[in-house]
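Peer 1: One structure, as structure tokens, below. Some questions next.
Bear in mind that the values in this text are calculations on the coordinates, not laboratory data. Everything numeric here is computed off the predicted structure, so don't read it as measured data. Note that each Cβ is placed from the backbone with ideal geometry, even for glycine, and that neighbours are counted across all protein chains shown.
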């Protein structure tokens, strides 16, 4: 029997525990109802942070560590460091942070294309032009603001349940955790590459054969607002398969093994085939007039496959190309057929 299954929870409000969490978007901490548990004998010699991670799997290790450092976890009434070794029999008290104030009034009635929604997750088909999360120069009008309006319960989830991002001008599929438990498990699944993501893109030039681009991506040392393939970057791997040759461009399928910022865009530039319309990584306008006129990077998150974080059911979703992208392909094919 695991330590987690042996821990005896004595909650004052047992049905409300999953509603409390620490939000990265909040200005300061508030306190939720404490959770009290008794450490079983078989935890002898284990660290406090290890036991908490087993006992509270719906919270990330980083969040639990922050609570320990903030004095929100006590062992027999005393604050202890995460490396403190337990003997078994101690009483642990955890006081979660409920920092949801900053998001409470941030919901905005922005239309969303919701392909699927249940009590735990939502699958969103993001249009090009919609920023995922507030950041530099963008304080509102984002996917996060829309999620808070359409799914008000996500106010109690960090980043309103957002698990991964798409660039502003990339269209396609995103999964959102509507509960803290679902979001935490989705984030973990993303870390171990258990969520499959496939993209359709239009790259300049000709890509003749399937290839795997295995090249680390990090901040461009010469242009700090851009990313680049650099020895100091993080591991990044993209599978690229040519689908169709067009005038001046190749329609490609891209599958990600990792999820670095601008990964597909950077890797396509690295192999000499930057994406059509890419305002950052396409340094020379294509000669083909239709390609030169396309106003954004031609990149669409087409397919998302995952296990449901709560039920474990295998799920797969597909999104048709955005209208501007599909229209571009149609016109290129028509010109090529003449």
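Peer 1: Just how many % of Cα pairs in the stretch 105-191 lie over 21 Å apart, if you round to the nearest whole percent?
Peer 2: 20
Peer 1: Report, to the nearest 10°, how far helix 323-337 tilts away from the longest principal axis of the Cα atoms in the chain, using its own Cα long axis and a range of 0 to 90°.
Peer 2: For 323-337 against the chain, the angle is about 30 degrees.
Peer 1: What base-10 log of the normalised intensity I(q)/I(0) is obtained for the chain from the Debye formula, alpha carbons as equal point scatterers, at q = 0.08, 0.09, 0.14 Å⁻¹?
Peer 2: Evaluating at q = 0.08, 0.09, 0.14 Å⁻¹ gives log10 I(q)/I(0) of -0.47, -0.58, -1.13.
Peer 1: Please label the shape of the stretch 211-288 as rounded, prolate or oblate, based on the square roots a ≥ b ≥ c of the eigenvalues of the alpha-carbon gyration tensor (a/c under 1.5 means rounded; beyond that, a/b larger than b/c means prolate, else oblate).
Peer 2: Because a/c hits 1.5 or more and a/b fails to exceed b/c, the stretch 211-288 counts as oblate.
Peer 1: How much of the DSSP beta bridge set in the chain is antiparallel, as a percent to the nearest 5?
Peer 2: If we restrict to bridges inside the chain, about 95 percent are antiparallel.
Peer 1: Can you tell me the orientation of helix 180-191 relative to the chain, as the angle in degrees between its alpha-carbon axis and the longest Cα principal axis, to the nearest 10?
Peer 2: The answer is roughly 50 degrees.
Peer 1: In whole angstrom, how far apart do the alpha carbon centroids of the stretch 45-92 and the stretch 267-282 sit?
Peer 2: A separation of 47 Å, based on Cα centres.
Peer 1: Now for a separate question. Can you sort 328, 243 by how many other beta carbons sit within 10 Å, fewest first?
Peer 2: Fewest-to-most ranking of 328, 243: 243, 328.
Peer 1: While we're here: Work out, in µm²/s and without decimals, the Stokes-Einstein translational diffusion coefficient of the stretch 193-338 at 37 °C, 0.692 mPa s, Rh from Kirkwood over C-alpha pairs.
Peer 2: In µm²/s, the coefficient is 204.
Peer 1: Next up: Using just the helices of the chain, give the 222 nm mean residue ellipticity in deg cm²/dmol: DSSP H runs with n ≥ 4 each add -39,500 (n - 2.57), and the total is spread over all residues, rounded to 500.
Peer 2: For the chain, the value works out to -5500 deg cm²/dmol.
Peer 1: Go ahead and set up a Gaussian network model of the chain, Cα springs under 10 Å, then flag whichever of 208, 188, 108 fluctuates most.
Peer 2: In the Gaussian network model the winner is 208.
Peer 1: Treat the count of other C-beta atoms within 10 Å as a stand-in for reagent exposure and order 74, 283, 171 from fewest to most.
Peer 2: 283, 74, 171
Peer 1: Over the chain, what relative contact order in percent results from Cα pairs under 8 Å that are six or more residues apart?
Peer 2: For the chain, the relative contact order is 14 percent.
Peer 1: Can you give me the P(r) profile for the stretch 162-269? Cα pairs, bins 5 angstrom wide beginning at 0, each as a whole percent.
Peer 2: 2, 11, 19, 21, 20, 15, 8, 3, 1, 0
Peer 1: To the nearest Å, what is the center-to-center distance of the stretch 190-263 and the stretch 133-150, using C-alpha atoms only?
Peer 2: 26
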